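Presented below is the structure to which this report refers.
The values are calculated or read from the model by the stated rules, or taken from the named source; none is laboratory data. Just so we're clear, the structure is a prediction, and the values are computed from it rather than from any experiment. Here the Cβ positions follow ideal geometry from the backbone for every residue, glycine too, while neighbour counts run over all protein chains shown. With ligands, DNA and RNA removed, areas are computed over all heavy atoms of the protein, side chains included. Shrake-Rupley method; radii C 1.70, N 1.55, O 1.52, S 1.80 Å.
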Amino acid sequence: MATIFSGMQPTGSGLHLGNYLGALRQWVQLVESGQHRAIFAVVDAHALTADYDPKTFPQKVYDTALTYLAAGLDPSKCTLFVQSDVKEHTELAWYLSCVAPMGELSRMTQFKEKSEQYKQSVNAGLFTYPILMAADILLYKGTLVPVGADQIQHLEFARDTARHFNKRYGKELFPEPAPHPLRLRIKGIDGAEKMSKSRGNTIELLDPPNAVWKKLRGAFTDPQRATREIGGRPEVCNLFTMHQAVTPEAKVAEIDRDCRSAAIGCGDCKKMLHESLEVELVPLRAKAEALRAQPARVDEILRDGGATCRRIAGDTMREVRSAMGLAAR
Ligand code: AQP
């Protein structure tokens, strides 16, 4: 049975449609297929690489976990936990950093992009981020990792690191994790960049319907469609990508046709998208509200998940220390 590991950072103002349509919804499908052991983390230690406020951080961690549950991750079928509750992640990251080649690390495009984005505060953690991500996966001997295109390079790095470790210590201790590619990429409401918590171009999953509509109404579409009379190009329009993810296929074909012929305008298209999104978001919000009414329940799920993960991580670290000649005292 494959072991799936993945996580999201508790950054920005909450998980957004990109996180949901691009990853979280597929996590739920993978869990519901019943074919895998699945572990999902709120990767709070990763989030420390960006600017953050320690006062509001615990709430963000909690909200991320709550959104996982509201989106349909069933804690009776998978393990949910907070990364920093399992200290072995940072321990293993150090040991892996002693086998991970600098050359490979310095080629990571995400570091180049993020260090441009956070010019004022480029820290070493941002550079060694892929080592911590490798540790996250290898600690649980993860074999399948759902990843978007932007994370493929990091997963390659995790595979290489597993190989280097196994070779250096003469043991097949870590399996090489394979990618489970997630192909959908949602652009932000600016119509330009990837929808990202740190870019302020998001529609949050727990936004109320009027806030979703307000953001959709202002969203950029095909820049060539300057007036209602000019036909649009769905293939360059971000709203159409979202329609493809949430609107029934026959309706998507109609929208494609009617946008090109200018039979509908961007306003019509946005209204239809809002309706389709609400079909997904209404139950999600209701579940989130029900969970908020019993905060102890989310804590209990995370505590149980943390205990399970510490057990697995403890076993792996005993093997790692023994292979590395670090005696247990
Ligand atoms: N716009 C997106 N379209 C499709 N998939 C997306 N993901 C994120 N944005 C999109 C997927 O969500 C998972 C977890 O992401 P993360 O929170 O760990 O970090 P991220 O990818 O860096 O997400 P953000 O929102 O862009 O965060 P910031 O701005 O803080 O860096 C991943 O599987 C990712 O592919």
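Being in a helix (DSSP H, G or I) and not small (Gly, Ala, Ser) is the filter here, so list the residues in the range 220-250 that pass it. Steps first, answer last, please.
Step one: filter the range 220-250 for residues in a helix (DSSP H, G or I), giving 234-236, 238-246, 249-250.
If the condition is that a residue be in a helix (DSSP H, G or I) and not small (Gly, Ala, Ser), then Pro234, Glu235, Val236, Asn238, Leu239, Phe240, Thr241, Met242, His243, Gln244, Val246, Glu249 are the ones that fit.
Going by the structure shown, is Met133 under 16 Å from the mean Cα position of the chain (by Cα), assigned by TED's automatic domain parsing to the domain that holds Arg107 and either within 13 Å of the ligand (Cβ to nearest atom) or under 23 Å from Gly325 (Cβ atoms) (or both)? Yes, satisfied.
Of the residues that sit in the range 182-195 and are open to solvent by 60 Å² or more (accessible area, probe 1.4 Å) and either in contact with a Phe, Trp or Tyr (Cβ under 6 Å, 6 or more places away or on another chain) or outside any loop (DSSP other than H, G, I, E, B) (or both), which one is nearest to Gln244 (Cα to Cα)? Selected residue: Lys187.
Here is a yes/no grid of residues against (1) over 13 Å from His16 (Cβ atoms); (2) more than 15 Å from the ligand (Cβ to nearest atom):
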residue	(1), (2)
Pro181	yes, no
Lys194	no, no
Ser198	no, no
Pro208	yes, yes
Thr227	yes, yes
Thr241	yes, no
Gln244	yes, no
Thr247	yes, yes
Lys251	yes, yes
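Within the option set Leu92, Leu80, being within 29 Å of Val282 (Cβ to Cβ) and assigned by TED's automatic domain parsing to the domain that holds Ile137 holds for one residue only, Leu80.
Suppose the filter is in contact with a helix residue (DSSP H, G or I) (Cβ under 8 Å, 6 or more places away or on another chain) and outside any helix (DSSP H, G or I); does Val61 pass it? No.
Scanning the range 37-52 for residues that are of a type outside the set (Phe, Trp, Tyr) and modelled with pLDDT of 95 or more yields Arg37, Ala38, Ile39, Ala41, Val42, Val43, Asp44, Ala45, His46, Ala47, Leu48. Of the set (1) more than 22 Å from Lys194 (Cα to Cα); (2) assigned to a helix (DSSP H, G or I); (3) aliphatic (A, V, I, L, M), all apply to Leu173 but (2). Looking only at residues of the range 32-57 that are in a helix (DSSP H, G or I) and within 15 Å of the ligand (Cβ to nearest atom), we find that the one that is farthest from Ala135 (Cα to Cα) is Phe57. In the range 240-263, the count of residues that are out of contact with any Ser or Thr (no Cβ under 8 Å at 6 or more places or on another chain), at positive phi and aliphatic (A, V, I, L, M) is one or more. Taking the stated definitions as given, is Lys215 under 22 Å from Thr11 (Cβ atoms), surrounded by 21 or more Cβ atoms within 10 Å (Cβ to Cβ) and not aliphatic (A, V, I, L, M)? No, not satisfied.
Matching residues to (1) out of contact with any His (no Cβ under 7 Å at 6 or more places or on another chain); (2) in the same structural domain as Leu66 (by TED's automatic domain parsing); (3) without any contact (Cβ under 8 Å) to a residue 24 or more places away in the chain:
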residue	(1), (2), (3)
Lys141	yes, yes, no
Ile152	yes, yes, no
Glu156	yes, yes, yes
Arg168	yes, yes, no
Pro175	yes, yes, no
His180	yes, yes, no
Lys194	yes, no, no
Ser198	yes, no, no
Val212	no, no, no
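Listed here are the residues, each with its yes/no results for (1) under 27 Å from the mean Cα position of the chain (by Cα); (2) basic (Lys, Arg); (3) closer than 20 Å to Lys187 by Cα.
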| position | (1), (2), (3) |
| --- | --- |
| Pro234 | yes, no, yes |
| Met242 | yes, no, yes |
| Val246 | yes, no, yes |
| Ile255 | no, no, yes |
| Ile264 | no, no, no |
| Lys270 | yes, yes, yes |
| His274 | yes, no, yes |
| Leu277 | yes, no, yes |
| Val282 | yes, no, no |
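Given the options Asp304, Asp268, name the one that is open to solvent by 30 Å² or more (accessible area, probe 1.4 Å) and closer than 30 Å to Ser76 by Cα.
Working: Asp268 fails: closer than 30 Å to Ser76 by Cα.
Unique residue meeting the criteria: Asp304.
Those residues that are aliphatic (A, V, I, L, M) and surrounded by 14 or more Cβ atoms within 10 Å (Cβ to Cβ), I need them from the range 112-130; list them, please.
Answer for the range 112-130, where residues must be aliphatic (A, V, I, L, M) and surrounded by 14 or more Cβ atoms within 10 Å (Cβ to Cβ): Val122, Leu126.
No other residue among Glu156, Glu176 is more than 15 Å from His46 (Cβ to Cβ), out of contact with any helix residue (DSSP H, G or I) (no Cβ under 8 Å at 6 or more places or on another chain), open to solvent by 20 Å² or more (accessible area, probe 1.4 Å) and acidic (Asp, Glu) apart from Glu156.
Of the residues making up the range 8-22, not a single one is open to solvent by less than 10 Å² (accessible area, probe 1.4 Å), in a helix (DSSP H, G or I) and touching a Pro at 6+ places or on another chain (Cβ under 6 Å).
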